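What follows is a single structure, written as structure tokens, with notes after it.
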Amino acid sequence: MNSRILVLDDEKEIAEIIALYLKNEGYEVQVVGTGRQALAAIEKEQPDLALLDVMLPDIDGFKVLRKIREKYRFPVIMLTAKTEDTDKIEGLTMGADDYIPKPFNPLEMVARVKAQLRRSTKYNEQTRPQDNILDFAGLVMNRDTHGCIYNEKELSLTPIEFDILWLLCENRGKVISSEQLFERIWKEKYFKNSNNTVMVHIRHLREKMGDAHRKSDFIKTVWGVGYKVEK
């Protein structure tokens, strides 16, 4: 079955270009022009991935993203003409999986969509049941259900947050560099600005785990090296 992609953009020409390139790759594409239409479409038929414009005529893309993350965990890529770091950080903090500034190369957009779909579906491959449960130090993670419980509290993690935490825990006791994290999770080449993306997701994970302002974080920073989880 082909992956279903929702495109939310009120600029008709841009939406048509996005849809054309994605359809050429065999994806099923639904295009909507307002935030309310997007939320209605998601309720009716949950897509496998959503591309959301930020500047919309009714509710902005960040509010749509927030509504999505209340119930769903499929990958979300933000599209925006804004290039300020604060806008990018806001989107990532709220649960976006990637961020593409306009104008963009359609081929790069397609590559990013493919990368997010690969990452979101990789755990659907058959593995040994015991490999899909991680349980230690008050943390329980299940790759089959994408469930995560920490100190008896259920955490609502985005797919990327889940993958980062799983990778760190799977390698507990070892330091994982920002470069290793980025290339393992995002499946892309690491650049200087990629470190900011990693930092935002680590910070958001700590906030959800209630460790943001504690000295003994579950996820420890090894300055100048990377991050680790203790044994």
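Is one or more of the residues making up the range 180-191 free of Cβ contacts under 8 Å to residues at least 40 places away in the same chain and hydrophobic (A, V, I, L, M, F, W, C)?
Yes, there is a match, as at least one residue in the range 180-191 is free of Cβ contacts under 8 Å to residues at least 40 places away in the same chain and hydrophobic (A, V, I, L, M, F, W, C).
Of the residues that sit in the range 54-80 and are under 25 Å from Phe182 (Cβ atoms), touching a strand residue (DSSP E or B) at 6+ places or on another chain (Cβ under 8 Å) and not in a helix (DSSP H, G or I), which one is modelled with the lowest pLDDT?
Looking at the filtered set, the residue picked out is Thr80.
Please work out which residue is modelled with the lowest pLDDT, limiting yourself to the range 123-145 and to residues that are touching a helix residue (DSSP H, G or I) at 6+ places or on another chain (Cβ under 9 Å) and closer than 25 Å to Met199 by Cα.
Tyr123
May I ask you to list the residues in the range 18-35 that are surrounded by 15 or more Cβ atoms within 10 Å (Cβ to Cβ) and outside any loop (DSSP other than H, G, I, E, B)?
Ile18, Ala19, Tyr21, Leu22, Glu28, Val29, Gln30, Val31, Val32, Gly35
Among the residues of the range 181-195, is there at least one that is of a type outside the set (Ser, Thr, Tyr) and in contact with a strand residue (DSSP E or B) (Cβ under 6 Å, 6 or more places away or on another chain)?
Among the residues of the range 181-195, not one is of a type outside the set (Ser, Thr, Tyr) and in contact with a strand residue (DSSP E or B) (Cβ under 6 Å, 6 or more places away or on another chain), which makes the answer no.
For (1) in contact with a helix residue (DSSP H, G or I) (Cβ under 9 Å, 6 or more places away or on another chain); (2) of a type in the set (A, V, I, L, M), each residue gets a yes or a no:
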{"residue": "Tyr150", "(1), (2)": "yes, no"}
{"residue": "Ile160", "(1), (2)": "yes, yes"}
{"residue": "Arg172", "(1), (2)": "no, no"}
{"residue": "Met199", "(1), (2)": "yes, yes"}
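Applying the selection to the range 154-210, what residues are farther than 13 Å from Thr93 by Cα and among the acidic types (Asp, Glu)?
Passing the criteria: Glu154, Asp163, Glu170, Glu179, Glu183, Glu188.
Looking at Leu205, Leu165, Leu157, Leu181, which is the one that is at pLDDT 90 or above, at negative phi and not in a helix (DSSP H, G or I)? Full working, then the answer.
Numbers: Leu205 fails: not in a helix (DSSP H, G or I); Leu165 fails: not in a helix (DSSP H, G or I); Leu181 fails: not in a helix (DSSP H, G or I).
On inspection, the qualifying residue turns out to be Leu157.
In the range 5-35, what residues are at pLDDT below 95 and of a type in the set (Lys, Arg)?
Listed by number, the list holds a single entry, Lys12.
Report, by residue number, each residue of the range 14-65 that is more than 20 Å from the chain's Cα centre (by Cα) and aromatic (Phe, Trp, Tyr).
Tyr21
The values are calculated or read from the model by the stated rules, or taken from the named source; none is laboratory data. All values derive from a computational prediction rather than experimental measurement. Positions of Cβ are generated from backbone atoms using ideal geometry, with glycine treated the same way; all protein chains shown enter the neighbour counts.
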